[in-house]
1. Filter segment 403-434 for residues that are in a helix (DSSP H, G or I) and either within 16 Å of the ligand (Cβ to nearest atom) or farther than 20 Å from Leu12 by Cα (or both) and give the result.
2. Would a scan of segment 147-158 turn up a residue that is more than 26 Å from the chain's Cα centre (by Cα), of a type in the set (Lys, Arg) and more than 19 Å from His87 (Cα to Cα)?
3. Considering only residues of segment 440-461 that are within 14 Å of the ligand (Cβ to nearest atom) and in contact with an Asp or Glu (Cβ under 6 Å, 6 or more places away or on another chain), which is farthest from Lys13 (Cα to Cα)?
4. Kindly list, by first and then second residue, each pair from a residue in segment 413-434 that is at positive phi to a residue that is basic (Lys, Arg) and buried (at least 17 other Cβ atoms within 10 Å of the Cβ), limited to pairs with Cβ atoms under 8 Å and residues at least 6 apart or on different chains.
5. Would you check which residues across segment 240-263 are open to solvent by 50 Å² or more (accessible area, probe 1.4 Å) and within 30 Å of Arg279 (Cα to Cα) and list them?
6. Do you know which residues across segment 464-475 are in a loop (DSSP other than H, G, I, E, B) and closer than 16 Å to Asn122 by Cα?
7. Taking segment 293-312 only, how many residues are in contact with a Lys or Arg (Cβ under 7 Å, 6 or more places away or on another chain) and either hydroxyl-bearing (Ser, Thr, Tyr) or part of a loop (DSSP other than H, G, I, E, B) (or both)?
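The values are calculated or read from the model by the stated rules, or taken from the named source; none is laboratory data. Just so it is clear, the model here is predicted, and its values are computed rather than measured. Glycine gets a Cβ as well: all are built from the backbone with ideal geometry, and neighbour counts include every protein chain shown. Accessible surface is based on the protein model in full, side chains and every heavy atom, while ligands, DNA and RNA are left aside. Shrake-Rupley method; radii C 1.70, N 1.55, O 1.52, S 1.80 Å.
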Amino acid sequence: MPPAHPFDDDKLKEECGVFGVVGLKDAANFVALGLHALQHRGQEAGGIVCHHPEHGFNNARRFGYVRDNFTKESLMKTLPGPLAIGHVRYSTAGSKGAAIRDVQPFFGEFSMGGAAIAHNGNITNADSLRKELIERGSIFQSSSDSECIIHLMARSLQRNIPERMEDALRRVEGAFSVVAMTRTKLIGVRDPHGVRPLVLGKLGEGWVLSSETCGLDIIGAEYLREIKPGEMVVITEDGGVESSFPFRPQPSKFCIFEHVYFSRPDSIIGGQSVYETRRQIGVELARENPVEADLVCAVPDSGTPAAIGFAHESGIPFGMGIIRNQYMGRTFIEPTEQIRNMGVRLKLNVNRSLIRGKRVILVDDSVVRGTTSRKIKEMILDAGAAEVHFRIASPPTAWPCFYGVDTPQRDKLLAATMTEDEMAEHLAVDSLKFISLDGLYRAVGEAQGRDSSCPQYCDACFSGEYPVVPADMMEKGFEMKAAE
Ligand code: SF4
């Protein structure tokens, strides 16, 4: 794989997307399309496992984009059958830039037949589970935390695969949205807090599971509902759907950052359009942090809906002051050092005639290390802007995520070591303001803001309040925020 583009290094990276289909001819073709729609959730690699009554299980795992691999007729012909699951990944656990053996779905052969699993999230007690499993004889094939689930299933004494999976997942802590399959069943499970998303859809006689509703849209499937926190659904080829809640109930802690950045703006979360939520974040941001200016611009594309909301609320015109080169992704031919040093300019360009002489408000979704914000500010000033004011559509990211998102170590997060004023000084901007946690909660539909006694979402990367203790990380020396 080409090295990550410098622009990508300054964003939190979601992790994985999962997709599954049962009851449709050549299900793998639908899975490939679904994974293509979920590509924003992981660009490093993708894989599909399928089952055909005569040809058994087959799989293909590849590095790179779905469109570059799973569009080839020669490959798709090797993936027949009415049942298939798939996975796109950006590695969160396991080695970075990893081997093909780390690419999911993972497959295990059990006495009652084979099973494959695709996992989105991160297991926070994976190190201790792995150690225990290896001591008891398990032979791991990959460095991925998700493989623990297969080995735990192998050790279970239950007589069918869904029950073995329940057994295995009861031992697992952290965040998981899992799509799995047996020879005849498609299975979807969410962890008891429901940290990562998973939705259920229907297409003709077939059933579909997807990380996001945009994966249903691309194949024309109807969105039925979200899989609930702690729910397991088992769907058979003839269309039977069984739902159960095998885990001890926990308060719901859906990742609030899905609303801000990870999910696609055309997806629906909690019955609400992600685009509309982001626009509302911009409205709240403008109410909380007004500033006199001439133009509101987005840092594209993720800042755009919030910038539109900001402009609407403030009455300051919105303009496309920064243009993104859509074709400048990770597929760029291995760049030379000289080209890499051009950094953000490879991906973003300033619309000079619009910017010149103006007091500009730049709306971005988040500030992680701050390296990109600084470069963008320089580009805007070079283009002749009179002032640059940053408005950020999330609270300061001061804590790492351990639930399936790639975050730099805490000391690399700008907000972990600096106050808002210090960050503004560091970035050398005329002003820098973030939406408050309460403002973000209002924007996602919690009219009363954040319930500090039991927050309605996971917001640990902003608040430092982790809904699941990150056991492995604490073992490695991570210190949680002291109780107030
Ligand atoms: S820590 Fe942040 S990114 Fe991670 S699950 Fe919680 S809200 Fe989402």
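1. Selection gives Arg410, Lys412, Leu414, Ala415, Ala416, Asp421, Glu422, Ala424, Glu425, His426.
2. yes
3. Here is the first cut: in segment 440-461, the ones within 14 Å of the ligand (Cβ to nearest atom) are 440-441, 444, 450, 455-461.
Of the ones still in play, those that are also in contact with an Asp or Glu (Cβ under 6 Å, 6 or more places away or on another chain) are 450, 456.
On the way: Arg450: 25, Gln456: 23 Å.
This residue is Arg450.
4. Ala428/Arg374; Ala428/Lys377
5. Of segment 240-263, the ones open to solvent by 50 Å² or more (accessible area, probe 1.4 Å) are 241-243, 245, 248-252, 261.
Listed by number, the residues that qualify are Pro251, Ser252, Tyr261.
6. Keep residues of segment 464-475 that are in a loop (DSSP other than H, G, I, E, B), which gives 464-470.
The answer is Tyr466, Pro467, Val468, Val469, Pro470.
7. Looking only at segment 293-312, we keep the residues that are in contact with a Lys or Arg (Cβ under 7 Å, 6 or more places away or on another chain), and these are 293-295, 300-301, 305-306, 308-310.
With the extra rule that they be either hydroxyl-bearing (Ser, Thr, Tyr) or part of a loop (DSSP other than H, G, I, E, B) (or both), the set shrinks to 293-294, 300-301.
Selection size over segment 293-312: 4.
Every residue, every condition in (1) of a type outside the set (Val, Ile, Thr); (2) over 19 Å from Tyr90 (Cβ atoms); (3) over 21 Å from the mean Cα position of the chain (by Cα), yes or no:
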position	(1), (2), (3)
Arg359	yes, yes, yes
Thr372	no, no, no
Ala383	yes, yes, yes
Pro395	yes, yes, no
Ala398	yes, yes, no
